[in-house]
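What follows is a single structure, written as structure tokens, with notes after it.
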Amino acid sequence: MMFRSQIVGCGAYLPARIVTNDELAGRLDTSDEWIRQRTGIGERRIAADGELTSDLAFHAARQALERGGMSGNDLDLIVLATATPDETFPATAVKVQARLGMKRGAAFDVQAVCSGFIFALAVADNALRLGQARTALVIGAETFSRILDWQDRGTCVLFGDGAGALVLNAVADAGPTSRGILSTHLHSDGRQHDILYVDGGPSSTGMAGCLRMQGREVFRQAVQHLSGVVDEALAANGLSPADIDWLVPHQANTRIIDAVGRKLGLSADKTVVTIERHANTSAASIPLALEEAVTDGRIRPGHLVLMEALGGGLTWGASIARW
Ligand code: ACO
């Protein structure tokens with residue numbers, strides 16, 4: 001029997017503390033105007049002292065499970081995407097597993113930075129399609145505030161903390177019109193390491209390190225690779241841009257989002273944009289945006305949703321789902 005991964009619930013969690021551009025401008029040589037104009041960001045959430053990636057992930061996961069009418073006991077698999085794990089090991093996913101009361105199956109992390117959610121979704125979708133698991137939780141959760149150089153105005157204004165989660169159920173595949181994940185498409189290019197990385201880690205410096213970025217080069221590569229992978233995802237499903245109900249991009253920069261939308265010929269009102277309030281939450285940005293658009297009624301059952309992301313590595317990917 002062939003299976004398909006149906007989406008049965010989504011959840012989100014944002015830390016309580018809001019940090020506005022004006023607050024940053026009080027500490028750094030920057031301004032609300034500069035940040036909004038270059039990035040579309042107005043504010044970001046920052047995790048409290050002692051509030052960890054696993055805490056954000058747990059809250060988002062619990063909401064996704066509740067909305068799917070399920071509990072941790074029903075899960076076979078957790079795949080958690082993060083570049084900011086609580087500890088070097090074990091995986092943040094196993095901490096979430098324990099808190100959800102899930103006693104069977106497996107939980108592990110996936111590391112693809114800002115593309116992490118698409119990579120985690122692909123891993124879970126493949127396991128469900130193969131019949132290795134019947135129910136999976138896919139989480140994107142980050143506390144990028146902990147790996148930022150707060151003296152570097154070129155990077156620290158861009159990121160925020162948060163988490164989002166999806167619950168997937170394996171159902172019999174009823175052909176191309178059935179609901180669920182239609183396809184996932186993953187890429188990386190390790191030669192591009194130096195344009196976006198963290199200058200630390202257990203094997204190099206023994207410290208967590210800080211994010212370093214050549215913004216212009218990331219911008220250039222993002223537009224090029226995202227356009228390519230979006231075309232690949234549409235072609236794989238015999239779809240054209242006009243078939244897409246919602247573009248749900250990784251939220252890095254409104255100018256990147258707009259450029260990809262323009263290349264696709266998608267009007268701006270078909271794109272879910274949360275960057276103004278969330279900033280760039282790395283692996284959490286797509287599930288946070290999905291949760292918002294599902295909860296406010298924009299994304300409805302049967303809609304075709306195109307997700308895309310690019311991040312450090314470089315890594316990039318896309319997925320199309322019939323909601
Ligand atoms: N406030 C005020 N001025 C600033 C700030 C700031 N926060 N940051 C940088 N500047 C200054 C720079 O110092 C520079 O000044 P100078 O000309 O005197 O040297 C000037 O602004 C222009 O700097 P650039 O880096 O060339 O600015 P750019 O127009 O490229 O915008 C930005 C920078 C917003 C980072 C842009 O390159 C970008 O968005 N790149 C994409 C990177 C991205 O989104 N990364 C996220 C992670 S990857 C991902 O998620 C896809």
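The values are calculated or read from the model by the stated rules, or taken from the named source; none is laboratory data. Just so we're clear, the structure is a prediction, and the values are computed from it rather than from any experiment. Ideal geometry is used to build each Cβ from the backbone, glycine not excepted, and the neighbour counts take in all protein chains shown.
Quick look at the values:
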{"quantity": "Residue ranges of strands (runs of 3 or more DSSP E) in the stretch 1-65 with at least 3 members closer than 30 Å to Arg134 by Cα and away from the ligand (no atom under 13 Å from the Cβ)", "calculated": "3-13"}
{"quantity": "So Glu308, is it surrounded by fewer than 24 Cβ atoms within 10 Å (Cβ to Cβ), of a type in the set (Asp, Glu) and touching a residue at least 12 places away in the same chain (Cβ under 8 Å)", "calculated": "no"}
{"quantity": "Flag for Val260 being at pLDDT below 95 and either crowded, with 20+ Cβ neighbours inside 10 Å or farther than 20 Å from Ile41 by Cα (or both)", "calculated": "yes"}
{"quantity": "Subset tally (residues that are of a type outside the set (Gly, Ala, Ser), under 19 Å from the mean Cα position of the chain (by Cα) and farther than 18 Å from Ala289 by Cα) for the stretch 54-74", "calculated": "1"}
{"quantity": "Residue ID - farthest from the ligand (Cβ to nearest atom), chosen from residues in the stretch 291-323 that are in a loop (DSSP other than H, G, I, E, B) and among the aliphatic types (A, V, I, L, M)", "calculated": "Ile299"}
{"quantity": "The stretch 221-279: number of residues that are within 15 Å of the ligand (Cβ to nearest atom) and among the charged types (D, E, K, R)", "calculated": "3"}
{"quantity": "Ser183 within 19 Å of His250 (Cα to Cα), part of a strand (DSSP E or B), of a type in the set (Ser, Thr, Tyr) and in contact with a strand residue (DSSP E or B) (Cβ under 8 Å, 6 or more places away or on another chain)", "calculated": "yes"}
{"quantity": "Members of the stretch 116-159 found to be out of contact with any Asp or Glu (no Cβ under 9 Å at 6 or more places or on another chain), part of a helix (DSSP H, G or I) and within 16 Å of the ligand (Cβ to nearest atom), listed by number", "calculated": "Phe117, Phe119, Ile147, Gly154"}
{"quantity": "Residue pairs meeting the criteria (Cβ under 7 Å; at least 6 apart or on separate chains; first on the phi > 0 side of the Ramachandran plot, in the stretch 133-156; second within 12 Å of the ligand (Cβ to nearest atom) and part of a loop (DSSP other than H, G, I, E, B))", "calculated": "none"}
